[in-house]
Amino acid sequence: LTDPRQQLVSTVAEHVSLALANLKLEETLRSQSIRDPLTGLFNRRYMEETLERELRRAQRNSVPLSVIMVDVDHFKRFNDEHGHDAGDALLAELGRLLRGQVRVEDVPCRVGREEFAIGMPGAAAKDALRRAEELREAAHRLRIVHRGVSLGAVSISLGVAAYPEHAAAADALLRASDSALYRAKREGRDRVVVSDVIPPLPPESPAP
């Protein structure tokens, strides 16, 4: 190549390289804004936005949508006995468990300190219940080792709610699954409870 052509090729390559670097940076920043750094799961904001969108899709297509709420049993006691670093190790391991147990279309999120949620588009309550039981059993098999020390057995409580049986709005669906979760904890923990909420009937159209 002649010198002017070499300079042109070099300039174009530099611009392309800079554009690719900017795209990579944008993707990194976007990922950081929607993902929890400890567990690699989506965060609560992403869950709420996604659930709104998926519920509208479920309503349009007349298909179900379920949410599983998950909470680590006796997490405060675990932290007190083993320290916050060990607690973080447990949460990170549970994040890996959830990522490995869900379908491609599911949305696993960390929504609180030791609380997680899984949005399941197209899944009916019975399907979510079966998946929740599988998660509960898988948690029993977790063996957390932190700094060479085994941290003992782990158990989780789970609450399940589904559209349209238990809620007709995204925020109501989250509340119903959360309420079912707290029932599971009140009833002894290490169990799955399905919501018993009955959504209100839509208002009747006025007579012509």
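The values are calculated or read from the model by the stated rules, or taken from the named source; none is laboratory data. Remember, predicted model here, so these are calculated numbers, not experimental data. Cβ sites come from the backbone with ideal geometry, for glycine too, and all protein chains shown count toward neighbours. In case anyone asks, the SASA skips ligands and DNA or RNA and just uses the protein heavy atoms, side chains included. Shrake-Rupley method; radii C 1.70, N 1.55, O 1.52, S 1.80 Å.
Among the residues of the stretch 98-131, which ones are in contact with a helix residue (DSSP H, G or I) (Cβ under 6 Å, 6 or more places away or on another chain) and of a type in the set (Val, Ile, Thr)?
Of everything in the stretch 98-131, those that are in contact with a helix residue (DSSP H, G or I) (Cβ under 6 Å, 6 or more places away or on another chain) and of a type in the set (Val, Ile, Thr) turn out to be Val107, Val111.
Among the residues of the stretch 115-170, write down those that are of a type in the set (D, E, K, R) and either modelled with pLDDT under 95 or in a loop (DSSP other than H, G, I, E, B) (or both). Please lay out each step first, then the result.
Pass one, the stretch 115-170, residues of a type in the set (D, E, K, R): 115, 126-127, 130-131, 133-134, 136-137, 141, 143, 147, 165.
Answer for the stretch 115-170, where residues must be of a type in the set (D, E, K, R) and either modelled with pLDDT under 95 or in a loop (DSSP other than H, G, I, E, B) (or both): Arg141, Arg143, Arg147, Glu165.
Residues in the stretch 164-185: is at least one closer than 23 Å to Ser62 by Cα and acidic (Asp, Glu)? Walk me through it before giving the result.
First, the residues of the stretch 164-185 that are closer than 23 Å to Ser62 by Cα: 164-177.
When the remaining residues are screened for being acidic (Asp, Glu), the result is 165, 171.
So far as the stretch 164-185 goes, yes, one or more of its residues are closer than 23 Å to Ser62 by Cα and acidic (Asp, Glu).
Looking only at the stretch 25-50, how many residues end up being open to solvent by 80 Å² or more (accessible area, probe 1.4 Å) and at pLDDT below 60?
Of the residues in that region, 6 qualify.
Quick one: which of Ala124, Ala138, Ala162, Ala169 is surrounded by 21 or more Cβ atoms within 10 Å (Cβ to Cβ) and within 19 Å of the chain's Cα centre (by Cα)?
Details: Ala124 fails: surrounded by 21 or more Cβ atoms within 10 Å (Cβ to Cβ); Ala138 fails: surrounded by 21 or more Cβ atoms within 10 Å (Cβ to Cβ); Ala169 fails: surrounded by 21 or more Cβ atoms within 10 Å (Cβ to Cβ).
It is Ala162.
Scan the stretch 173-203 for residues that are open to solvent by less than 30 Å² (accessible area, probe 1.4 Å) and in a helix (DSSP H, G or I) and report the count.
7
List, please: which pairs have Cβ atoms under 6 Å, are six or more places apart or on different chains, and start with a residue in the stretch 145-166 that is over 30 Å from Ala180 (Cβ atoms) and end with one that is open to solvent by 20 Å² or more (accessible area, probe 1.4 Å)?
His146/Ala89
When you go through Ala58, Ala117 one by one, which is the residue that is touching a residue at least 12 places away in the same chain (Cβ under 8 Å), touching a Cys at 6+ places or on another chain (Cβ under 7 Å) and of a type in the set (Gly, Ala, Ser)? Steps first, please.
Details: Ala58 fails: touching a Cys at 6+ places or on another chain (Cβ under 7 Å).
Of Ala58, Ala117, the one residue that is touching a residue at least 12 places away in the same chain (Cβ under 8 Å), touching a Cys at 6+ places or on another chain (Cβ under 7 Å) and of a type in the set (Gly, Ala, Ser) is Ala117.
Tell me which of these Ile68 doesn't satisfy, since it passes every other one: (1) modelled with pLDDT of 90 or more; (2) farther than 22 Å from Ile144 by Cα; (3) open to solvent by 60 Å² or more (accessible area, probe 1.4 Å).
(3)
Does the stretch 180-208 hold any residues that are modelled with pLDDT under 95 and closer than 19 Å to Ala169 by Cα, and which are they?
Asp196, Val197, Ile198, Pro199, Pro200, Leu201, Pro202, Pro203, Glu204
Return yes or no: is Arg96 within 18 Å of Val63 (Cβ to Cβ) and out of contact with any Lys or Arg (no Cβ under 7 Å at 6 or more places or on another chain)? Quick ask: steps written out before the conclusion?
Details: within 18 Å of Val63 (Cβ to Cβ): no; out of contact with any Lys or Arg (no Cβ under 7 Å at 6 or more places or on another chain): yes.
Here the answer is no, as Arg96 does not meet what is asked.
Would you please name the residue that is most open to solvent (accessible area, probe 1.4 Å), looking only at residues in the stretch 71-90 that are in contact with a strand residue (DSSP E or B) (Cβ under 6 Å, 6 or more places away or on another chain) and part of a helix (DSSP H, G or I)?
Residue satisfying both the conditions and the ranking: Ala89.
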